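Just below is one structure, and these are the notes that go with it.
The values are calculated or read from the model by the stated rules, or taken from the named source; none is laboratory data. Note that the structure is a prediction, hence the values are computed from the model and not measured. Note: ideal-geometry Cβ built from the backbone for every residue, glycine included; neighbour counts use all protein chains shown.
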Amino acid sequence: MTTSNGLLLIDKPQGVTSHDVVARVRLVMNERRVGHAGTLDPMATGLLVLAVGPSTRLLRFAQSETKRYEGVVTFGVSTDSLDADGVIDERREVPPLTTESVNARARAMLGAQSQIPPMVSAIKVKGQRLHALARAGVVVERDARAIAVTSFSLAPTSEANEWTFDVTCSVGTYVRVLLSDLAEHLGTIGHLSALRRLASGEHHVDDALTLEQLDERVRDGAVVLQPPRAFVTQLEAVVVSRDDERRLRTGQRVALDGPREAEIAAVSEAGALVAVLRRRGESWQPAVVLPDESDVEHG
C-alpha cells in the first residue's frame, strides 16, 4: 500500500483560510494527513507550505523559517484589527512623507526586538483565542514576543497615503503590527491594506501551485510533491549505510563519525531522507523516521 508523502507549495488565494486550503488538499490528494506551516489570514495571498502524509512530522522545520512579504500599507486610517478586514476606528492627518524619511524610519526598525501580538489573532490566552475575546469586546494583556526584522523598505504609490512595502522577518512577526508601529513613528496611524507572502526559508511562491493547478496536475497524474528531504535542507546531512538505515527504521541508535550538530538528517545512499537524528552521548537516536521511499509516492 502506498501513500502520498512530501512537501507541497500552494499559492493561497485571497478570501480563504489556511484551513480551507488544507481541506481542499486533503480532498484532491485523497490523504487525511495534511498540515501547514505559517498561517495566512483570509485577506492574505501567497506561499503556504504544506506537508502531506508522513511528512507532517517534519512541519516544525518549515514553521521556524524566515518569511518574506510584500504588500500595501495605508497611512492616516486605522482599523480595529490593524488590517483591511477590520472596522475603521480612527482617521488622522498624514504629515508630509518622502521616500527617504519613510525608509530611514523603517531601517531604524531592523534587528531583534519585542512585539506585542494584536488582540485580533489566533493566539490563546488561558485557553481562549484572542480574536474571540476581541469580538466580545474583551481586551487582555499579551506577553511581548521576541522577533527580528532583517529587511524593511517602502515606496509610494500613485494613491494618496498608500505605500508598498517589502519585509523579511522572523517567524511569529505580525506584519500588521509592524506597519502600525511604523505609522506611529511617522506621526500618524495606518493599517495593512494588502499582504502577500513571497518566501518561507528557501521556498518561494514562484514555485507554488494554485489550487486550480493542483487539481489539474493530480488529475493528469503529474508529480506535485517535493520529497521529504526538502523540509530539512537546513540540517547537516549524513549518508548512512544500508545496515544503519535498517537499524534506524526500527528505532535503534547508530554510531556515526563526523557530525557536529545536535540534530542531523540521515540520508540513504539513494539520497532519500531516512530520519532526523538527535545526538545521545556518543550515538545518534532517531527523532523522526520516514517510511521507505519505495512504499510512498510524491503525488
task = Residue by residue through the range 255-283, note down the ones that are buried (at least 19 other Cβ atoms within 10 Å of the Cβ) and either among the polar types (S, T, N, Q) or at pLDDT below 95 (or both).
result = S268
query = Within the range 25-33, can one find any residue that is free of Cβ contacts under 8 Å to residues at least 12 places away in the same chain and in a helix (DSSP H, G or I)?
reply = yes
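Taking into account only those residues within the range 185-202 that are over 25 Å from T79 (Cα atoms) and in contact with a strand residue (DSSP E or B) (Cβ under 6 Å, 6 or more places away or on another chain), which is surrounded by the most Cβ atoms within 10 Å (Cβ to Cβ)?
If we filter the range 185-202 for residues that are over 25 Å from T79 (Cα atoms), which is where we start, we get 199-202.
Narrowing further to those that are in contact with a strand residue (DSSP E or B) (Cβ under 6 Å, 6 or more places away or on another chain): 199-200.
Numbers: A199: 18, S200: 23.
That would be S200.
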request  = Read through the list (1) modelled with pLDDT under 95; (2) over 30 Å from S158 (Cβ atoms); (3) of a type in the set (D, E, K, R); (4) part of a loop (DSSP other than H, G, I, E, B), then give the number of the only condition that D41 fails.
outcome  = (2)
request  = Return only the number of the condition from (1) touching a strand residue (DSSP E or B) at 6+ places or on another chain (Cβ under 8 Å); (2) modelled with pLDDT of 95 or more; (3) in a loop (DSSP other than H, G, I, E, B) that A222 does not satisfy.
outcome  = (1)
key: Breaking point among (1) out of contact with any Cys (no Cβ under 9 Å at 6 or more places or on another chain); (2) over 15 Å from R176 (Cα atoms); (3) modelled with pLDDT of 95 or more, for T150   = (1)
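From the list E70, E90, pick out the single residue that is over 20 Å from R196 (Cα atoms), in contact (Cβ under 8 Å) with a residue 40 or more places away in the chain and in a strand (DSSP E or B). It would help to see each step written out before you state the result.
Details: E70 fails: over 20 Å from R196 (Cα atoms).
Exactly one residue qualifies, and that residue is E90.
Please go through the range 9-24 and pick out each residue that is surrounded by fewer than 24 Cβ atoms within 10 Å (Cβ to Cβ) and either part of a strand (DSSP E or B) or assigned by TED's automatic domain parsing to the domain that holds R196 (or both). Working first, answer last.
At the first step, the residues of the range 9-24 found to be surrounded by fewer than 24 Cβ atoms within 10 Å (Cβ to Cβ) are 9, 11, 13-24.
Correct list: L9, D11.
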